[in-house]
Amino acid sequence: MAAARFAVILLVVSLFVDTSVAVTYTSKLIHRFSDEAKSFWASRNGNVSWPKQRSVDFFRRLLSSDAKRQRLKIGSQNKLLVPSEGSETLFYGNDLGWLHYAWIDIGTPNVSFLVALDAGSDLLWVPCDCIQCAPLSSTYYNMLDRDLSEYIPLVSNTSKRISCSHHLCELSPTCKSPKEPCPYNVDYYSENTSSSGFLFEDKLQLASVGDYVSQSLVQASVIIGCGRKQSGSYLDGAAPDGIMGLGLGDISVPSLLAKAALIQNSFSLCIDETYSGRIVFGDQGLATQQSTLFLPLQGKYITYLVEVTHYCIGSSCLKQTGFQALVDSGTSFTYLPHEIYEKVVLEFDKRVDARRAGLEGFPYCYEASSQDLLNIPSMELMFAMNQSFVIENPMFQITDNQEATLLCLGIHPTDEVIGIIGQNLMTGYRMVFDRENLKLGWSRSNCQDIGDSKRMHLAPPPNDILPNPLPTNEQQNDPSTHGVAPAIAERAPSKPSRSNALTRSWLCSVCLLLLLLSLHCGYLL
């Protein structure tokens, strides 16, 4: 009898295995505006408003439902952040060192600073406990309507001193004790220009913006350099109220915002023809934008380095004019390796139909009553994969003491093997520094179609969800803690394979066999 029962069990199991592979599961689909759905909602909520099928109201409701789903998808994945005072960037010309600036708020209570935006460095520093700083009074700067600020760590309730044991303290080897305050010293490209002091952690005040995201304030923990001593250009009017480094280093503001999972690891700078513009953190640009990959420098991605394959003037691309260049918003003009520069300016000069009148520092200037009277050839940078970067306006205007108008070429030579793409070539473009995918993107823009434009929703909706909480210092120190971008989260396969189905069937068969055997053993006992 036992043998017979065991044979029956095996027969049942074999039948189960054979049929389970062929089993399919079905489920009835019910449209949201069908009669069955109407009956369901009516049973729960009583009388309900229901559109007549194929009526105008029916299709309008479908359209409205699609729009809501789009807002949910886009709003949750593409959060953009701008400084709490707005995304607008400002340009004051020679009065403030030809740099682009933005107002930012730091600390609790917050204090406003007018910081220069620099994609070529990493640290955010502001004047603080000054030993040697530039003047901060508005009477010293004709274009400012308010005094500039000095950071006082003791006044901010959220300020924390960074010790030498902190993982972002680069000068920790010079410290006598791990508990000492972490010093910093940054030397810049401009001759004898530097900033030094101590590091602090404090809150940077930001605002979330976008077409599908209601505006809300965000406090982000960032590292701030308490700039006690500045030198060189920083004492001569450039960046008197500090620098916001936007580079690839771990200490930069974009890096810290991305690590805290507040934004996608990207930001954009846009400079329009009036030299103002916008900065937006988390912006990855348009799907239609052109792009080129960043290059490593000495085996590491430490700066925004790209490779130009050809420099083109008019309809021809000059031979042997390829070079590598830093993309640097903190540099006013563009610099080419000397050999490339000579080829470019000679070809450019041949094509300009005007009298040349060079100035000291600007050898390629031309007399003209207006730019329209010059036959200025088009200029273009070519990148890999035939990606084209058209230079909107390589010239800038100077009026000398005799009121003669000069148009000068904003391109200069450098003795370095690496060139610099500066602000003047970025004009008219939304420049996207996509750090997540290690590429530079660009698309033409008037800078009014991004950031906190008039299209954003100013009032948060009821029950608005707060942003992700910031990581604690311990979490920031833990290298195993990472924010995962939604775009790269692993997805489950949309359709199970036959091998997966067989595996599940085999497991179920084993479970059934064990169950039947246990029942059988119980019967025998």
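The values are calculated or read from the model by the stated rules, or taken from the named source; none is laboratory data. Quantities reported herein were computed from a predicted structural model and do not represent experimental measurements. These area figures cover heavy atoms from the full protein model, side chains too; ligands, DNA and RNA do not enter into them. Shrake-Rupley method; radii C 1.70, N 1.55, O 1.52, S 1.80 Å.
The alpha carbons of region 190-250 occupy a box of 46, 23, 21 Å along the principal axes, longest dimension given first.
If you take the C-alpha gyration tensor of region 167-286, multiply each eigenvalue by 5 and take the square root, what semi-axes do you get, largest first, in whole Å?
Values: eigenvalues 164, 85, 29 Å².
Values for region 167-286, descending: 29, 21, 12 Å.
Along region 269-286 the Karplus relation, 6.51 cos²θ - 1.76 cosθ + 1.60 evaluated at θ = phi - 60°, assigns HN-Hα couplings of 10, 10, 10, 8, 5, 8, 6, 8, x, 8, 10, 9, 7, x, 6, 9, x, 8 Hz to successive residues, with x for each Gly and Pro. For region 80-281, with all protein chains in place and a probe radius of 1.4 Å, 48% of the accessible heavy-atom surface sits on carbon or sulfur.
For the pair His167 and Gln132, the difference between a 0.36 nm per residue extended length and the Cα-Cα distance amounts to 9.8 nm. Name the shape class, rounded, prolate or oblate, that the alpha-carbon gyration tensor gives for region 120-204, where a ≥ b ≥ c are the square roots of its eigenvalues, rounded holds for a/c under 1.5, and otherwise prolate holds if a/b is larger than b/c and oblate otherwise. Here region 120-204 falls in the oblate category. Taking every C-alpha pair closer than 8 Å and separated by at least 6 residues, the mean separation divided by the residue count of region 80-281 gives a relative contact order of 30 percent.
All alpha carbon pair distances within region 80-281 were sorted into 5 Å bins beginning at 0; the resulting P(r) in whole percents reads 1, 7, 16, 21, 21, 18, 10, 4, 2, 0, 0. In percent, rounded to a whole number, the relative contact order of region 160-213 is 31, using alpha-carbon pairs under 8 Å and six or more apart. Excluding ligands, DNA and RNA, the accessible surface per residue across region 226-368 is 42 Å² with a 1.4 Å probe.
For region 290-444, with all protein chains present and a 1.4 Å probe, just round the carbon and sulfur fraction of the accessible area to a whole percent.
Details: 3480 of 7370 Å².
Ligands and nucleic acids excluded, carbon and sulfur reach 47 percent.
Pairs Lys259/Lys343; Lys229/Lys259; Lys179/Lys229; Lys203/Lys229; Lys203/Lys439; Lys79/Lys229: which exceed 32 Å Cα-Cα? Cα-Cα > 32 Å for Lys259/Lys343; Lys79/Lys229; rest within. Over the Cα atoms of region 290-444, the radius of gyration divided by the Kirkwood radius equals 0.98; this is the Rg/Rh ratio. By a 1.4 Å probe calculation restricted to protein chains, Tyr364 has an accessible surface near 30 Å², given to the nearest 10.
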